[in-house]
Amino acid sequence: MTAFPANIKSMFTRRFALVAGLLMLSSVAASACAVQESNTYPVELFSEMHYSQAYKAQEPPRLAPPAEAVVFASIGDPEQILNVPDKRERAYDPVVAGNLYQVNCAVCHGVGGKGDGKAVRHIISSSSFYATTQGVPYAAPPDLVNSAATRLTDRDIMVSFVTSGAVVMPAFGKLLPEEDIRDIVNYIFDDATGLSK
Ligand code: HEC
């Protein structure tokens, strides 16, 4: 019986240590975010960021429906329900392509493609792992409008650059289907409604 208060006390001390530990961990996680400077690359981007409800390559193939299954008639006719558009045949749409650009590229290359995205200050930071080990900060992402006009003037060459990536620039061949990459490159070159206008 005499040990009872001591037990309670140590239980509370342990609880307190656990809660304090969890709070510290969560604040570290919150400040680290998805972009960090402290790793091998000037910034670390996680491909998991690209998992979205719209792109389900991460899911296993689905089972075919049972042979005797019927279409639920009140929702629509079978033609409409089974008529899933083939992405490979879709035409270039600046709105779709512009969204793809903003989601995948603007964080580094900027909303207008000028190379002034939100992640740039981390990429060029003089306290990044890259800067401290190489002696010089990493270069900022290039201006894509200028690139399309003067350096990567051929769309196919730009598509293959974006597909294979570089040091900081992720290899988008692992993140997006080819038709999305083509759409984005068309959007960069588009001088009527896209980035180059
Ligand atoms: C994490 C930041 C980042 C993201 C996201 C990113 N880029 Fe880049 N990009 C760079 C950097 C930095 C370079 C310079 C090459 C290097 O050092 O990696 C570059 C280079 C390029 C180049 C070569 C331009 C030239 O003239 O040298 C093209 C084209 C390009 N990016 C297109 C894109 C497209 C399209 C997307 C979206 C699908 C994209 N980038 C997403 C950082 C990024």
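The values are calculated or read from the model by the stated rules, or taken from the named source; none is laboratory data. Source: prediction; values computed, not measured. When we count neighbours, we look across all protein chains shown, and the Cβ atoms used for this are built from the backbone with ideal geometry, even at glycine. Ligands, DNA and RNA are excluded from the accessible area calculation, which covers all protein heavy atoms including side chains. Shrake-Rupley method; radii C 1.70, N 1.55, O 1.52, S 1.80 Å.
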Separation in nanometres of the label points that stand 7 Å from Cα toward Cβ, at R90 and V136: 4.1
Extended-chain gain in nm, criterion 0.36 nm per residue less alpha-carbon gap, S127 and A166: 11.9 nm
Over the stretch 91-197, with every protein chain in place, what whole percent of the accessible area is carbon and sulfur at 1.4 Å, could you tell me? 58
Picking from L176, V95, C108, whose Cα lies most toward the positive end of the charge dipole for the stretch 91-197 (charges on Cβ: Lys, Arg +1; Asp, Glu -1)? C108
Largest-first semi-axes in Å of the equivalent ellipsoid built from the Cα gyration tensor of the stretch 91-197 are 25, 14, 12
Could you please put Y92, Y101, Y187 in sequence from largest to smallest accessible area, using a 1.4 Å probe? Y92, Y187, Y101
Gain in length, A64 to R151, computed as 0.36 nm per residue apart minus the alpha-carbon separation, to one decimal in nm? 26.6 nm
Skip the ligands, DNA and RNA, and give the accessible area per residue of the stretch 91-197 with a 1.4 Å probe, whole Å². 52
